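First up is the structure itself, then whatever we jot down about it.
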Amino acid sequence: MSDYSHVCIDGKNAIYRAVFAGYYDTKFRKTGYDYFVILLRFLNNYISLLKPESVNIFWDSPRSKTWRRQLMSEYKAHRKDKNKELDIDISKEIARQTKLAIMVFGNLNCRQYVVDRMEADDLIYSFCSINEQKTAIVSSDQDFRQITHKMDHVFLYNPLAKTQQIEPRPQHNIVVAKSLMGDKSDNISGYYNVGPKKSERMSKCPKLRTEFLKSDKAIALVDGKKVWVGDSVFKKNRRIIDLSWCPELASNCEYIEEKQQHPLKYDVKRIERLARDYKVRGLLADLSRHAKNFETMS
């Protein structure tokens with residue numbers, strides 16, 4: 001019996017975790033196996049733990065072309081400088097793993113979703129908003145907590161959590177709090193001297209928030225200088241952070257509904273050919289064992 005009707009997997013998040021798990025595992029690197037082997041093991045493990053009826057994988061469109069980057073040029077712009085110290089070309093490796101994932105999981109009864117200008121977050125929100133059955137989102141990205149705050153049928157499974165991997169449901173409005181304090185992981189700056197505690201209090205009390213945004217304390221750092229900005233930073237951040245405010249929400253929902261009608265495909269022989277053609281070392285050794293879990297997906 002399944003525990004969840006749907007599992008939604010943040011594709012790029014899963015690939016990053018697989019690559020770094022393999023990179024920092026000296027025993028794995030000595031095998032010479034492809035990082036994709038770890039990604040397959042990850043997804044197989046999620047199916048074993050969560051027992052879903054369907055597996056859905058969501059992909060980002062190119063970061064430079066997302067609608068959020070058009071609204072805020074600095075959005076996630078800091079990430080291009082990360083991981084320079086590694087002795088692998090991380091961008092090239094992520095691109096390879098993404099290509100392999102799309103081909104392989106497309107033959108393992110998984111549905112996959114990607115839309116121009118959208119991030120995986122946007123599509124996962126749309127999926128959860130139109131599918132009301134019990135759903136698990138698999139990601140270490142805390143941005144998805146805004147979905148679990150809003151939708152009781154959705155749960156966030158964090159593979160990196162040390163103890164409780166199903167994240168507790170937030171008791172305050174995550175979107176409002178982040179719009180006030182900013183989000184360093186996405187390069188979104190907030191108000192000066194506003195951290196998690198202040199932002200949480202203001203997220204719970206609209207009157208307190210309004211008073212703050214009208215006061216002389218509504219200050220932000222602009223080019224290193226303190227500048228009074230009023231509610232402008234809050235409004236700008238909220239448009240970026242709130243997944244329910246995606247300008248293409250309606251068309252994304254229509255896309256999800258249409259994709260869910262597509263027939264699934266399970267073809268292990270095709271994956272074996274892909275493994276040989278793309279020299280995915282180690283995949284053939286693991287495939288027969290891990291593919292069985294995907295066979296029953298609907």
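Structural remarks
- Of the helices (runs of 4 or more DSSP H) contained entirely in region 219-285, those carrying at least 1 residues that are out of contact with any helix residue (DSSP H, G or I) (no Cβ under 6 Å at 6 or more places or on another chain) and outside the structural domain of VAL55 (by TED's automatic domain parsing) fall at 232-241.
- Cβ pairs under 6 Å, 6+ apart, first in region 199-216 and within 14 Å of ARG238 (Cα to Cα) and free of Cβ contacts under 8 Å to residues at least 60 places away in the same chain, second β-branched (Val, Ile, Thr) and surrounded by 13 or more Cβ atoms within 10 Å (Cβ to Cβ): SER203/VAL176
- For region 215-242, the set of residues classified as farther than 14 Å from ASP183 by Cα, modelled with pLDDT of 95 or more and among the acidic types (Asp, Glu) consists of ASP216, ASP231, listed by residue number.
- Unmet criterion (only one of (1) under 30 Å from LEU274 (Cβ atoms); (2) among the small types (Gly, Ala, Ser); (3) crowded, with 16+ Cβ neighbours inside 10 Å) for SER129: (1)
- Which numbered condition SER64 misses (of (1) out of contact with any Lys or Arg (no Cβ under 8 Å at 6 or more places or on another chain); (2) assigned to a helix (DSSP H, G or I); (3) under 18 Å from ALA161 (Cα atoms)): (3)
- Residue check for ILE88: part of a strand (DSSP E or B) and touching a residue at least 40 places away in the same chain (Cβ under 8 Å): no
- Of all residues assigned to region 217-224, none qualifies as being under 30 Å from LEU43 (Cα atoms) and touching a residue at least 24 places away in the same chain (Cβ under 8 Å).
- Close pairs from region 253-264: first within 22 Å of GLU119 (Cβ to Cβ), partner among the aromatic types (Phe, Trp, Tyr) and surrounded by 13 or more Cβ atoms within 10 Å (Cβ to Cβ), Cβ under 8 Å, at least 6 apart: TYR255/TYR113; ILE256/TYR113; ILE256/PHE127; LYS259/TYR113
- Flag if LEU40 is touching a residue at least 40 places away in the same chain (Cβ under 8 Å), surrounded by fewer than 16 Cβ atoms within 10 Å (Cβ to Cβ), in the same structural domain as ILE137 (by TED's automatic domain parsing) and in contact with a helix residue (DSSP H, G or I) (Cβ under 7 Å, 6 or more places away or on another chain): no
- Filter result for the condition that a residue is buried (at least 17 other Cβ atoms within 10 Å of the Cβ), closer than 29 Å to LYS265 by Cβ and touching a Gly at 6+ places or on another chain (Cβ under 7 Å), over PHE105, PHE58: PHE58
- Of the listed requirements (1) outside any loop (DSSP other than H, G, I, E, B); (2) crowded, with 17+ Cβ neighbours inside 10 Å; (3) not hydrophobic (A, V, I, L, M, F, W, C), SER140 misses just one: (1).
One line per residue, one yes/no per condition, for (1) farther than 20 Å from LEU49 by Cα; (2) at pLDDT 95 or above; (3) part of a helix (DSSP H, G or I):
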position: ASP121; (1), (2), (3): yes, yes, yes
position: SER126; (1), (2), (3): yes, yes, yes
position: ALA136; (1), (2), (3): no, yes, no
position: THR148; (1), (2), (3): no, yes, yes
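- Residue within region 244-254 that is within 27 Å of SER126 (Cβ to Cβ), touching a Cys at 6+ places or on another chain (Cβ under 8 Å) and surrounded by 15 or more Cβ atoms within 10 Å (Cβ to Cβ) present: yes
- The one condition in (1) in contact with a strand residue (DSSP E or B) (Cβ under 9 Å, 6 or more places away or on another chain); (2) part of a helix (DSSP H, G or I) that TYR191 fails to fulfil: (2)
The values are calculated or read from the model by the stated rules, or taken from the named source; none is laboratory data. As the structure is a prediction and not an experimental result, all values here were calculated from the model. For neighbour counting, all protein chains shown are included, and Cβ atoms are generated from backbone atoms with ideal geometry for every residue, glycine included.
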